[in-house]
Amino acid sequence: MKILVPVKRVVDTNVKIRVKPDGTGVDLANVKMSMNPFDEIAVEEALRLKEAGKATEVIVVSIGSDKSAETLRTGLAMGADRAVLVKTDAARVEPLAVAKLLKAVIATEQPSLVILGKQAIDDDSNQTGQMLAALLGWPQATFASKVVLGDGSVDVTREVDGGLETLRLQLPAIVTTDLRLNEPRYASLPNIMKAKKKPLDETSPEALGVDAAPRLAVLKTVEPAARTAGVKLGSVDELVAKLKQAGVL
Amino acid sequence: MATLIIAEHNDAHLNDATAKTLTAALALGQPVDILVAGKQAKAAADAAAQLSGVRSVLLADGDSLAERRAEPLADLVLSLAGKYDAILAPATSTGKNVAPRVAALLDVMQISEITKVVAPDTFERPIYAGNAIETVQTSDKTLVATVRIAAFAAAATGGNAPVETIAAPADSGLSSFVGADLSVSDRPELASARVIVSGGRALGSADKFQEVIAPLADQLKAAIGASRAAVDAGYAANDLQVGQTGKVVAPELYIAIGISGAIQHLAGMKDSKVIVAINKDGDAPIFQVADYGLVDDLFTVVPALTKALAN
Ligand SMILES: Cc1cc2nc3c(=O)[nH]c(=O)nc-3n(C[C@H](O)[C@H](O)[C@H](O)COP(=O)(O)OP(=O)(O)OC[C@H]3O[C@@H](n4cnc5c(N)ncnc54)[C@H](O)[C@@H]3O)c2cc1C
Ligand SMILES: Cc1cc2nc3c(=O)[nH]c(=O)nc-3n(C[C@H](O)[C@H](O)[C@H](O)COP(=O)(O)OP(=O)(O)OC[C@H]3O[C@@H](n4cnc5c(N)ncnc54)[C@H](O)[C@@H]3O)c2cc1C
């Protein structure tokens, strides 16, 4: 069985982003980009299933510009077998469009399991997996912290507000990863070299017949109200006095 | 037309997140109905009916809705969607799970975690772990949005809306519930607590976390939170993680203990009214957002603070 893992190229999690002063967005010129951390977890999970003999092929897919090919190479270097780039130079591809494009890729690839990240750390939307599941009419298990593949079904433990919950999904199914599912491996140098030779196919929204135009207009992007540093106090008693003064005790 | 809210509740109790979502919904300026989907959820529906400003409560009660799995719940919402031009859910794990599924089936984009209603079609929402605030406008036929509950005050009670029972959807059998391991605690809920005491990696073990953090939380009648590092290390349960990828909170008082203040953590707590940081490293970034700081060893300061508060 095949596993498909959509991976997104995002600003690296250690970058302190800057909002453009004219309110038109976030300055992405010359900032370090990486695979979305939740997607690394998704790739790792797929690879573990393959290594355990439960999957035959792991395919990574990314939607974005030529640069997203780098992110796909990262997935291939981790151990994925093949990659598909849905190439678009659009500045913004919204989750609904991403889900439609993935649905079109899935029609050809026919995976039994699709593992996505629960959220991309740039837009923080937390939607794509759920939307994809809806469009395919497949069951979904979001925020996974444990995935156990059975015969024709998958048991997924989810991190929910009150604790943990386990669902059984009939395959084919959609899973989205949470932080504690696994610790993703780093690609070794030999594997990075090998990844350069692995197949990376290219397609486009036009070729897939999907209208990827955004539905939302971003009117402006601003910095949040800044919080100013307060005071460092000398003792516990001073702290208690300040908290009483502030009326929060 | 009207606005539909997907209520957050556990059948017996209506979660505060619903009343907060109602505040956002009322700002849209249309009549608001609340959908309570569950099993034996009459109590939650009655509580929703008492919220002020609600036109009616729809109670869907049945086996398929017992755990509020995404597939049947989305089917139910979809069957009602024709009567609404806005559908809101709180950005809880249930809301975040189901709302995008509804949006996709309606062929509309979802707006995630709105923090402000600028106009009925225009909203503010944080991106990049709260380091930028985006104003977005939708032109979709139906608005589907999740509401960041820490950003809205709870609507008042005192209403008396009618409760109408509607049919629960059939179960497609695509998913089934296996079990749950839910935290039981007498403490206030993290998402709506007035005071939060939060511990980080510096606590060093689950035992120390309990030993140091719990007495202070008891003293303050506070909820307990944690950094991702503390949760990853097993010092605290996953549902206690505060941050970009955990819970977003805005209590009156947030006490960060042995937490460095990574941007992902700040994203979840920097809108708290008063922030206290206890960290032995005076250069830790947490001090850049803290109103009051103590640069000291937490293992001496926290017990001392607990004791001082007891007096
Ligand atoms: C996708 C993903 C991204 C992560 N990103 C970070 C991160 O940015 N910062 C972080 O502290 N933990 C990060 N972690 C967690 C990290 O992998 C470890 O679980 C955590 O730091 C505990 O480290 P340790 O127990 O191995 O050693 P420790 O002794 O606790 O860690 C040693 C130090 O190394 C640094 N460090 C460890 N991992 C990373 C990393 N991936 N990137 C940058 N610095 C790192 C930290 O400063 C840490 O204090 C990430 C985990 C995942 C799955
Ligand atoms: C994709 C992604 C998502 C993430 N999401 C989240 C999230 O939602 N929430 C979150 O919290 N993090 C999140 N992180 C992790 C985040 O980047 C940090 O690694 C994490 O918040 C660090 O936790 P910490 O402050 O407890 O640990 P550390 O950064 O290791 O800080 C420990 C602090 O304790 C202090 N200290 C040590 N000993 C003592 C002592 N005896 N007394 C007093 N102080 C002491 C140290 O000076 C230090 O400042 C995420 C990371 C990634 C990559």
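The values are calculated or read from the model by the stated rules, or taken from the named source; none is laboratory data. Worth saying up front: this structure is predicted, and the values here are computed from it rather than measured. In this analysis, Cβ positions are derived from the backbone assuming ideal geometry, glycine residues included, and neighbour counts consider all displayed protein chains. Heavy atoms of the whole protein, side chains included, go into the accessibility calculation; ligands, DNA and RNA do not. Shrake-Rupley method; radii C 1.70, N 1.55, O 1.52, S 1.80 Å.
Please state the relative contact order of chain A as a whole percent: Cα pairs under 8 Å, 6+ residues apart? Relative contact order of chain A: 24 percent. Label zone (B:Val178, point 7 Å along Cα-to-C-beta; backbone nitrogen cut-off 19 Å) within the stretch A:43-76: A:45-55. Going by accessible surface with a 1.4 Å probe and the largest first, B:Asp181, B:Asp232 read B:Asp181, B:Asp232. Accessible area per residue was computed with a 1.4 Å probe on protein heavy atoms; A:Asp201 scores about 80 Å².
For the pair A:Ala91 and A:Glu70, the difference between a 0.36 nm per residue extended length and the Cα-Cα distance amounts to 5.8 nm.
Here the stretch B:129-212 has 49 percent of its accessible surface on carbon and sulfur atoms, given a 1.4 Å probe and all protein chains in place. Residues of the stretch B:236-262 that bury at least 30 Å² of accessible area once all protein chains are present, compared with their chain alone (1.4 Å probe, heavy atoms only, ligands and nucleic acids left out), are B:Asn238, B:Asp239, B:Gln244, B:Thr245, B:Lys247, B:Leu253. Here the dipole of the stretch B:219-288 is about 120 debye; that uses its Cα centre as origin and unit charges on the Cβ of Lys and Arg (positive) and Asp and Glu (negative). Note on B:Ser56: accessible area is roughly 20 Å² with a 1.4 Å probe, heavy atoms of protein only.
At a probe of 1.4 Å, how much accessible area disappears from chains A and B on forming the pair, both sides counted, to the nearest 100 Å²? The buried area between A and B, both sides summed, comes to about 6700 Å². Between B:Gln210 and A:Thr228, the modelled label-to-label distance comes to 4.4 nm, taking each label 7 Å out from Cα in the direction of the beta carbon.
Mean separation of Cα pairs under 8 Å and 6 or more residues apart, divided by the residue count, gives the stretch A:18-94 a relative contact order of 25 percent. Extension gain, A:Asn14 to A:Ser204: 0.36 nm times the residue separation minus the Cα-Cα distance gives 65.3 nm. Per residue of peptide B:167-174, the mean number of Cβ atoms on other chains within 10 Å of the residue Cβ is 2. Answer rounded, prolate or oblate for the stretch B:196-311, using the Cα gyration tensor with square roots of eigenvalues a ≥ b ≥ c: rounded when a/c is under 1.5, else prolate when a/b is larger than b/c, else oblate. Rounded shape, in that the Cα axes give a/c under 1.5. Centre-to-centre separation between the Cα atoms of the stretch B:1-68 and those of the stretch B:201-239: 33 Å. With a Förster radius of 45 Å applied to the C-beta separation of B:Lys221 and A:Met1, the computed FRET efficiency comes to 0.30. In this simple spin-label approximation, B:Thr157 and A:Asp27 carry label points 7 Å from Cα along the Cα→Cβ vector, and these lie 5.1 nm apart. Axis angle, to the nearest 10 degrees, between helix B:16-26 and the longest C-alpha principal axis of chain B: 60 degrees. In the stretch A:156-187, comparing the full protein assembly with the chain on its own, the residues that lose 50 Å² or more of accessible surface at a 1.4 Å probe are A:Asp161, A:Gly162, A:Leu164, A:Thr166, A:Leu167, A:Arg168, A:Leu179, A:Arg180.
The heavy atoms of A:Arg92 offer some 90 square angstrom of accessible surface to a 1.4 angstrom probe.
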